[in-house]
Amino acid sequence: MTTATTSDNDVVPEHVCRELIDVGADAVRRDLVLGSGGNLSVRLEADRYLVTCKGTWLDRLTVDDFCVIDGHGTVHRGNGEPTSEWKLHTRTYEARSDVNCVIHLHPQMSLMVDALGYPIRLLTMDHANYVRKVNRTDFYHNGTDELADTAAMAVADANCVVMAYHGCSCIGPTVDMAYRRALNLEQAAMMTYRLLTLNDTAATFPPEALDRLYHK
C-alpha cells in the first residue's frame, strides 16, 4: 500500500525532472495522451524512482508534480502522492536492470490497431532500430498488480508493450531513448493501419536485415 510521507528534507531533483517535463508536453502536443492520463518515471538509484504524481497533466508538469518513491510506493521526497500506476513503473525496473526510464502513454493508433486484433508492424528502418519488437498484454485495470506484473513480464524481451484498451509502456536506458521508442511505436501503428485499409496484412521490415541495423 502506498504511503505518501516525506522521510527527509531532500527535495526532488529538479534537473532530472526537466527532461520528463519536456517529454510530457511534447507527448500531449502529439496527441499521445490526454488530460491526466499517462505517467513518467526515471530510475535514480537502487530502489529509488522519480515518478509523476497522481492526477497530474503531462503538459502542465512542474517540479512539484514529481515525487521519489521506493519499490513499495513509499514517498521519500516530494509532497504529492505517486501516480496510481507506480507499480507498473517499479516492477518494470525490477524486471530490467538496464532500464532507467519508463514512459506510459495512451496512444490512440497503437490501441486501435491492437483492439482490431492486428499486430503493430515495424515498417521503416527507424521502427526496426528503435522498437525492434512489440509485445502486448490483455486488459487489466489500472493500478493493479495484474497490470504491473504482466507488463513487467512482457518487457523481458521487448522495449515496447501495448496494454489492451489502456495504453503502452516504452522503456530505455535514457529518457531520450524511451521517448524515441514511444514515437516510433505510434508511427508504426499509424502505418500499419493505413496498410490494413489497403487490405495488406503482410508488408513489414525485412527480418533478415534486423541484425545489420545500426544508427549513427
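Numbers for the structure displayed
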read-out: Residues located in region 24-47, provided they are polar (S, T, N, Q) and touching a residue at least 24 places away in the same chain (Cβ under 8 Å); value: Asn39, Ser41
read-out: Neighbours by Cβ (under 8 Å, 6+ apart or cross-chain): first from region 8-23, at pLDDT below 90; second aromatic (Phe, Trp, Tyr) and outside any helix (DSSP H, G or I); value: Val12/Phe66
read-out: Filtered residues of region 181-216 (kept if among the charged types (D, E, K, R) and either in contact (Cβ under 8 Å) with a residue 12 or more places away in the chain or part of a loop (DSSP other than H, G, I, E, B) (or both)); value: Arg181, Glu186, Asp200, Lys216
read-out: Where Arg30 falls short, out of the listed (1) of a type in the set (Lys, Arg); (2) under 21 Å from Asp149 (Cα atoms); (3) out of contact with any strand residue (DSSP E or B) (no Cβ under 7 Å at 6 or more places or on another chain); value: (2)
read-out: Residue satisfying all of: in region 26-65; among the small types (Gly, Ala, Ser) and within 18 Å of Arg181 (Cβ to Cβ); surrounded by the fewest Cβ atoms within 10 Å (Cβ to Cβ) among these; value: Ala27
read-out: Odd one out for Asp176, checked against (1) within 22 Å of Cys67 (Cα to Cα); (2) touching a residue at least 24 places away in the same chain (Cβ under 8 Å); (3) part of a loop (DSSP other than H, G, I, E, B); value: (3)
read-out: Residue that is surrounded by the most Cβ atoms within 10 Å (Cβ to Cβ) [pool: residues in region 73-124 that are of a type in the set (Gly, Ala, Ser) and in a helix (DSSP H, G or I)]; value: Ser110
read-out: Filtered residues of region 130-146 (kept if surrounded by fewer than 22 Cβ atoms within 10 Å (Cβ to Cβ) and either closer than 21 Å to Leu32 by Cα or in contact with a helix residue (DSSP H, G or I) (Cβ under 7 Å, 6 or more places away or on another chain) (or both)); value: Arg132, Lys133, Asn135, Arg136, Thr137, Asp138, Phe139, Tyr140, His141, Asn142, Gly143, Asp145
read-out: Matching strands (runs of 3 or more DSSP E) fully within region 28-71 where at least 3 residues are hydrophobic (A, V, I, L, M, F, W, C); value: 39-45, 66-69
read-out: Qualifying residue in region 141-161 (condition: in contact with a Ser or Thr (Cβ under 7 Å, 6 or more places away or on another chain), hydroxyl-bearing (Ser, Thr, Tyr), assigned to a helix (DSSP H, G or I) and under 22 Å from Lys87 (Cβ atoms)); value: yes
read-out: Residue that is surrounded by the most Cβ atoms within 10 Å (Cβ to Cβ), among those in region 165-216 that are among the β-branched types (Val, Ile, Thr) and in contact with a Cys (Cβ under 9 Å, 6 or more places away or on another chain); value: Ile171
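The values are calculated or read from the model by the stated rules, or taken from the named source; none is laboratory data. This is a predicted model, so every value here is computed, not measured. Reconstructed Cβ throughout: ideal geometry from the backbone, glycine too, with neighbour counts over all protein chains shown.
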